[in-house]
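Chemist: Pasting in a structure now, in structure tokens, and then I'll have a few things to ask.
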Ligand SMILES: NC(=O)c1ccc[n+]([C@@H]2O[C@H](COP(=O)([O-])OP(=O)(O)OC[C@H]3O[C@@H](n4cnc5c(N)ncnc54)[C@H](OP(=O)(O)O)[C@@H]3O)[C@@H](O)[C@H]2O)c1
């Protein structure tokens, strides 16, 4: 599958490593330009590209930059993606890093709804509570006793199916965490955030979440 990855840090780098290992055709971009990604390209076989080129022809695009950087992505960054592209949003709002975002803090937008509005495209929320290192270390074959599950939220059911299938290929179970308006259940500070558990454990943690934004994640 053709996959574009925007952001080549902890999460973007490790998704590049695993998705190329699975045989996917990965294009990867960062803020400094493709000339700074030659080492990752040599290691993985991914194609380093500019941000504007990352989505070209892609069936899946992963947006994995700090939340504060999402509005800096070029307008039309998803233009040229394949019809029906699934856009994965791994982002979290950390006011200490991202500055105060009133639409999230005051208006109660979920972090992914805010991101959708910046991108002008529906997103599927996944990996936001997953330790980057777990992408490399914790994948397991289907049915393994210690395979962990990730929550996945989104309004576009077809995109969500695509993302869940891809996460399954990456070696994790998934739990349908509802739509983007429900995705506060997996935001920072929620019981499922950073949880390593099977599908039942993830479903239970999602059910126990409170919509109140935790003090630690407020500006
Ligand atoms: N780290 C984790 O374990 C983890 C887990 C789950 C979710 N998350 C969330 O996932 C998101 C990414 O986290 P991360 O830890 O992978 O971040 P990171 O290591 O800081 O990497 C961020 C990447 O985004 C790129 N970037 C920044 N601004 C950009 C722009 N305007 N255009 C293109 N690329 C840009 C950076 O490019 P340069 O390299 O050129 O600076 C870098 O490659 C965050 O919202 C984070 O909260 C992180």
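Rule-based calculations on the coordinates, nothing more; no lab input. Keep in mind that this is a model prediction, so the values were computed, not measured. Positions of Cβ are generated from backbone atoms using ideal geometry, with glycine treated the same way; all protein chains shown enter the neighbour counts.
Chemist: Confirm whether residue 9 is under 17 Å from the mean Cα position of the chain (by Cα), touching a residue at least 12 places away in the same chain (Cβ under 8 Å) and surrounded by fewer than 20 Cβ atoms within 10 Å (Cβ to Cβ).
Modeler: Spelling it out, residue 9 is indeed under 17 Å from the mean Cα position of the chain (by Cα), touching a residue at least 12 places away in the same chain (Cβ under 8 Å) and surrounded by fewer than 20 Cβ atoms within 10 Å (Cβ to Cβ).
Chemist: Within segment 188-211, how many residues are surrounded by 16 or more Cβ atoms within 10 Å (Cβ to Cβ) and out of contact with any helix residue (DSSP H, G or I) (no Cβ under 8 Å at 6 or more places or on another chain)?
Modeler: Total meeting the criteria: 5.
Chemist: Moving on to the next point. For segment 66-93, enumerate the residues that are in contact with a helix residue (DSSP H, G or I) (Cβ under 8 Å, 6 or more places away or on another chain) and near the ligand (Cβ under 6 Å from one of its atoms).
Modeler: Answer for segment 66-93, where residues must be in contact with a helix residue (DSSP H, G or I) (Cβ under 8 Å, 6 or more places away or on another chain) and near the ligand (Cβ under 6 Å from one of its atoms): 66, 67, 73, 90, 91, 92.
Chemist: If you scan segment 49-64, which residues turn out to be near the ligand (Cβ under 10 Å from one of its atoms) and in contact with a helix residue (DSSP H, G or I) (Cβ under 8 Å, 6 or more places away or on another chain)?
Modeler: 50, 62, 63, 64
Chemist: I'd like the full set of residues that are in contact (Cβ under 8 Å) with a residue 24 or more places away in the chain and more than 17 Å from residue 18 (Cβ to Cβ), limited to segment 50-60.
Modeler: Within segment 50-60, 51, 52, 53, 54, 55, 56, 57 meet the criteria.
Chemist: When the residues of segment 17-36 are narrowed to those that are in contact with a strand residue (DSSP E or B) (Cβ under 7 Å, 6 or more places away or on another chain) and assigned to a helix (DSSP H, G or I), which ends up nearest to the ligand (Cβ to nearest atom)? Quick ask: steps written out before the conclusion?
Modeler: Keep residues of segment 17-36 that are in contact with a strand residue (DSSP E or B) (Cβ under 7 Å, 6 or more places away or on another chain), which gives 19-20, 24-29, 34.
This time we only want the ones that are assigned to a helix (DSSP H, G or I), so: 19-20, 34.
Details: 19: 14, 20: 16, 34: 10 Å.
Going through the qualifying residues, I end up with 34.
Chemist: Can you tell me which condition residue 39 does not meet? The list is (1) assigned to a helix (DSSP H, G or I); (2) surrounded by fewer than 14 Cβ atoms within 10 Å (Cβ to Cβ); (3) away from the ligand (no atom under 13 Å from the Cβ), and all the others hold.
Modeler: Here residue 39 meets the rest and fails (3).
Chemist: Does segment 108-115 include one or more residues that are more than 17 Å from the chain's Cα centre (by Cα) and away from the ligand (no atom under 16 Å from the Cβ)?
Modeler: Checked segment 108-115: at least one residue is more than 17 Å from the chain's Cα centre (by Cα) and away from the ligand (no atom under 16 Å from the Cβ).
Chemist: Still on this structure: Within the set of pairs 6 or more residues apart or between chains, which connect a residue that is over 24 Å from residue 10 (Cβ atoms) inside segment 90-108 to a residue that is part of a loop (DSSP other than H, G, I, E, B) with Cβ atoms less than 6 Å apart?
Modeler: Cβ pairs passing all conditions: 103/109.
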